[in-house]
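Peer 1: This is the structure, below, for whatever I ask next.
The values are calculated or read from the model by the stated rules, or taken from the named source; none is laboratory data. Not measured: the values here are computed from a predicted model. Here the Cβ positions follow ideal geometry from the backbone for every residue, glycine too, while neighbour counts run over all protein chains shown. We work out accessible area using only protein heavy atoms, side chains counted, and drop any ligands, DNA or RNA first. Shrake-Rupley method; radii C 1.70, N 1.55, O 1.52, S 1.80 Å.
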Amino acid sequence: MNASILLLPGDGIGPEVVAGAERVLRAVAARFGHQFDISSALIGGAALSQGQAPLPDSTLEAARRAGAILLGAVGDPSYDTAPPSERPEAALLAIRRELALYANLRPARVWPGLESAGPLKPEVLAGTDMLIVRELTGGLYYGEPRGYADDGSSAHNTMRYSRLEVERVARRAFEAARLRRRRVTSVDKANVLETSRLWRQVVTAVGASYPDVTLEHMLVDTCAMKLAYAPSSFDVVLTENMFGDILSDEAGAVVGSLGLLPSASLGDAAGLFEPVHGSAPDIAGKDIANPIGAVASAAMLLRHALGLELEAVAVEEAIEGALTSGARTADLAGGAGQSLGTRAMAEAIADRVTAAAV
Ligand code: NAD
Ligand code: IPM
Ligand code: MN
């Protein structure tokens, strides 16, 4: 197959983890005989520092043309006091909206060998394998009106959802559940918020077309608690934009490290794939970041954007193989034993992709 893949490395550890994922993609191309036309473009602080907008027009055009997009992270503390539209994060919000990437799939599972890497007891973590389906282009992040009062004495954001916005992401969650354990937990705050009551109504209606999938509703505070004490009880977790942002970082901690989590942002056209973590300025440029979230995002890219299921599984098996053989980045080593750098971990995974050919 011939496919064009656009890399958007971005800021902080973004370029390091994307380089690792690129290495693995090249190993996949060599092993399976594909031609990947890989190019890259500026986004976030990396674009701002060149005097460009956080999402330059040329980047957005390249994204529209690409078969798939792999993003590292955006965010740079030096822009913390800039107005919202001149912050690196504005690029991410804009590209999601421009490409209508309304469904964000964030899988979190316990990898073999990492049963003790996180803060939970291994017996609590055992069997954890969930998929958070986060609505990505609505809710508080995009609702209007937003802003400050003229005299600066208050500020406001708007939480708004239309039936259509809820319906289309709910369908994605039910479809995903059919390929898994056929359970959807829809998470909201229906005891307080109108948007959540609408959410619950629409999800229930969509659920009626999926009688083979069990649907339960859960309040978001309860869900946060249950994620920590019974993470294995979840299959698909369907929720709105901000709740999904928060719960997915929690899921990262639960399975051992935020650095492990991949994501796929899907709409009706080409998808964007990115690790759940941010630019991690505290560890940037040190070759210690965990590249697995980015590499597993590349696996999701192969699966969801290019339809290359075998190749996606090969990458996931290579990650599993590396972890089972004891490869650990610093975040997973917990101070014990030798850890691998970002590059060495990506290489260990790429080597397994290659070696599996013989
Ligand atoms: P973060 O996700 O960057 O980091 C949180 C913590 O997790 C840090 O201690 C970091 O060192 C650690 N961590 C994150 N990824 C890791 C990895 N791959 N390996 C090992 N450790 C890892 O969140 P933050 O520090 O709150 O935010 C930093 C910047 O990133 C901010 O500007 C924020 O807006 C941005 N951000 C961007 C994205 C994105 O691009 N998708 C996501 C979240 C945050
Ligand atoms: C994420 C990030 C982004 C979000 C920020 C950087 C805009 O935290 O992708 O999880 O909140 O969606
Ligand atoms: Mn987040």
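Peer 1: Over the chain, average the accessible area per residue using a 1.4 Å probe and give it in Å², no decimals.
Peer 2: That works out to 42 Å² per residue.
Peer 1: While we're here: Return one quarter of the surface area of the convex hull spanned by the alpha-carbon atoms of the chain, equal to its mean projected area, in nm².
Peer 2: 18.4
Peer 1: Would you calculate the separation in nanometres between label points at Arg180 and Asp221, each defined as 7 Å from the Cα along the Cα-to-beta-carbon direction?
Peer 2: Those two pseudo-labels are separated by 2.6 nm.
Peer 1: So what's the Cα pair-distance distribution over the stretch 118-255, bin width 10 Å, in %?
Peer 2: Reading upward from the zero bin: 12, 40, 31, 13, 4, 0.
Peer 1: While we're looking at this one, here's another question. Using Cα-Cα distances under 8 Å and only pairs 6 or more residues apart, what relative contact order does the chain have, in percent?
Peer 2: Relative CO of the chain lands at 23 percent.
Peer 1: Let me ask you something else. How much mean residue ellipticity at 222 nm does the chain get from its helices, if each DSSP H run of length 4 or more adds -39500 (n - 2.57) and you divide by all residues, to the nearest 500 deg cm²/dmol?
Peer 2: It lands at -12000 deg cm²/dmol.
Peer 1: Now for a different question. Only Cα pairs under 8 Å and at least 6 apart count here; give the relative contact order of the stretch 176-320 as a rounded whole percent.
Peer 2: 18
Peer 1: If you don't mind, there's one more thing I want to ask. Report, to the nearest whole %, how much of the accessible area of the chain belongs to carbon and sulfur atoms, 1.4 Å probe, protein only.
Peer 2: With neighbouring chains kept in place, the figure for the chain is 53 percent.
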